[in-house]
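Enquirer: Okay, handing you the structure first.
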Amino acid sequence: MSERFFSHLYFPVLLSRPGLLLGVAFCLFADNALAAPPALRAPYLDREQQCRPQPFPAVVLHLAGEAWKLDAKGQQSVLEEGMNLEEHEGLRTSGDAFVSLGLGDGSRIVLPSNSQVRLELDETQSVPQLQLEQGQVESYVIKRTSAHDRFQIRTSVGVLGVRGTHFRTRSEDAQALVEVLDGQVTVSRSGALSAPGKRPVAAEPEVRVNARQGLKIQGKGELRPVELLAAPRLLGQDGQRGDKPIWQLFLQPLDGARRYRAQVATDAAFLDIKQERFSSTPDIRFSGLQAAFYHVRLSAFDEQGLEGQTGIYDIYYWPRTVHEQ
């Protein structure tokens, strides 16, 4: 039966039976009336007469490589730029991937490769909380007005409280490392993420980590900040000809450095990172980059594994190939 014939047959039946037509209309109206309206999130958090911007949802600002969104039950889906992450949700990055998130309060978070985090809201203070489950996170946190209003990062061995600063946090081998580049971070072992059945960590005095300082957090032992290594200096650059040209950076050797790191981004804030490389020598190589102006950020790691201060250079990279005369 054709669609046209069916339409002529169907409507006369309804019109000939007004009760049936009225019943259908009532059911449609009832379904719409009983359907729960979508929950609206307030644009601010109101606690103790303090009006704060709502941090969630977080928005994926930049994505390079492959990453996944994790829902509240841990189910994953492919992450895309512009996607929202709500409270209790998280994300995971693959190898050689970078993701930057923007929170509603203006804070920015960057995750490099092989990292995993989950977004929470502290129920006591109503402040955003980031649970670092694997890898590293770099945070740019806006200035807080109250000593109790702190952006928090929780790891397996400690909690970081931040009122406004630029810092890095890394979780590895049952320990966490924090490096403060600007501002101040407060560290405490109490409130750390714990495995099921494990006793919570007893309360201990907080330790302050100032700008250009770092701290290794372990399950026990003294929490003592140390000075970070200075930023490495770039001495020069070079390239190799071929179908897959290589961009080579030469750094000045730095006393106390055990490893070097270089990141390449298209923005000065390093929210849109394209590549990063590590090297045990002050000679770092990139490949697969297109000709463009890049922002290059250099740093070095000390014997404790703490990453030092950063030096930033603006460089125009022009890959030469064998086909050019």
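The values are calculated or read from the model by the stated rules, or taken from the named source; none is laboratory data. On a predicted model such as this, the values are computed, not experimentally measured, just so you know. Virtual Cβ from ideal backbone geometry, glycine too; neighbours counted across all protein chains shown.
Enquirer: Within the range 230-246, count every residue that is within 31 Å of the chain's Cα centre (by Cα), at pLDDT below 95 and assigned to a strand (DSSP E or B).
Expert: Going through the range 230-246 one residue at a time, the tally reaches 2.
Enquirer: Restricting the first residue to the range 93-105 and requiring it to be part of a loop (DSSP other than H, G, I, E, B), which pairs with a second residue that is surrounded by 20 or more Cβ atoms within 10 Å (Cβ to Cβ) and modelled with pLDDT of 90 or more meet a Cβ separation below 6 Å and a spacing of at least six or different chains?
Expert: Listed by first residue and then by second, the contacts come to 97/67; 103/58.
For every residue, the table says whether it meets (1) touching a Lys or Arg at 6+ places or on another chain (Cβ under 8 Å); (2) within 14 Å of residue 109 (Cα to Cα); (3) modelled with pLDDT of 90 or more.
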{"site": "136", "(1), (2), (3)": "yes, yes, yes"}
{"site": "140", "(1), (2), (3)": "yes, yes, yes"}
{"site": "147", "(1), (2), (3)": "yes, no, no"}
{"site": "174", "(1), (2), (3)": "no, no, no"}
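Enquirer: Residue 213: over 24 Å from residue 140 (Cβ atoms) and at pLDDT 85 or above, yes or no?
Expert: Answer is no for this residue.
Enquirer: Regarding the range 222-231, can at least one residue be identified that is charged (D, E, K, R) and in contact (Cβ under 8 Å) with a residue 24 or more places away in the chain?
Expert: For the range 222-231, residues charged (D, E, K, R) and in contact (Cβ under 8 Å) with a residue 24 or more places away in the chain: absent.
Enquirer: Now for a different question. Looking at the range 54-71, can you tell me whether even one residue there is surrounded by 10 or more Cβ atoms within 10 Å (Cβ to Cβ), more than 27 Å from residue 141 (Cα to Cα) and at pLDDT 90 or above?
Expert: We begin by selecting, within the range 54-71, every residue surrounded by 10 or more Cβ atoms within 10 Å (Cβ to Cβ); these are 54-71.
Within this subset, residues satisfying the condition of being more than 27 Å from residue 141 (Cα to Cα) are none.
So far as the range 54-71 goes, no, none of its residues is surrounded by 10 or more Cβ atoms within 10 Å (Cβ to Cβ), more than 27 Å from residue 141 (Cα to Cα) and at pLDDT 90 or above.
Enquirer: Given the residues 208, 170, 189, which is the only one that is modelled with pLDDT of 90 or more, of a type in the set (Lys, Arg) and touching a Leu at 6+ places or on another chain (Cβ under 9 Å)?
Expert: Details: 208 fails: touching a Leu at 6+ places or on another chain (Cβ under 9 Å); 189 fails: modelled with pLDDT of 90 or more.
Result: 170 is the single residue among 208, 170, 189 that is modelled with pLDDT of 90 or more, of a type in the set (Lys, Arg) and touching a Leu at 6+ places or on another chain (Cβ under 9 Å).
Enquirer: Whether any residue in the range 154-173 is among the β-branched types (Val, Ile, Thr), in contact (Cβ under 8 Å) with a residue 40 or more places away in the chain and part of a loop (DSSP other than H, G, I, E, B) is what I want to check.
Expert: Yes, because at least one residue in the range 154-173 is among the β-branched types (Val, Ile, Thr), in contact (Cβ under 8 Å) with a residue 40 or more places away in the chain and part of a loop (DSSP other than H, G, I, E, B).
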